[in-house]
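Each reported figure results from applying straightforward, stated rules to the coordinates on display, with no laboratory input. Since the model is a prediction, treat every value here as computed from it, not as a measurement.
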Amino acid sequence: MGSFILDLLEFVVLAFFLRAMARSLGSRFHFPVFHVRTSGNVPPRPRSTETHQGEMARDPVCGMFVSTELSQKLRHGGETLHFCSRTCLEKFRKDTEHVAS
Ligand SMILES: [Zn+2]
């Protein structure tokens, strides 16, 4: 029975060694077999965790597309403009005020 435990131990050591080796190799090139999804390394989600998205509109300041439901809205010249953030909205407002005055 002792040999069985030794075999098991050897297997665990081998598996550990292979994983360590894969990790060191993985830093140099992509190793899809050992590519494990880690739950702790997910980039922060946007404010809303809901997946539903309405229409997408282009932010005229930075050019990125934002959901019209999550965007910062501004009425301008009879149309509603959508901005990704308050910063972009304020920037746009500041720029148009300069032109208008
Ligand atoms: Zn923006």
Taking the convex hull of the alpha-carbon atoms of segment 56-100 and averaging its shadow over every direction gives an area in square nanometres of 2.9
Any residue on another chain or 5+ positions along whose placed amide H is under 5 Å from the amide H of Ser71 is listed here as none
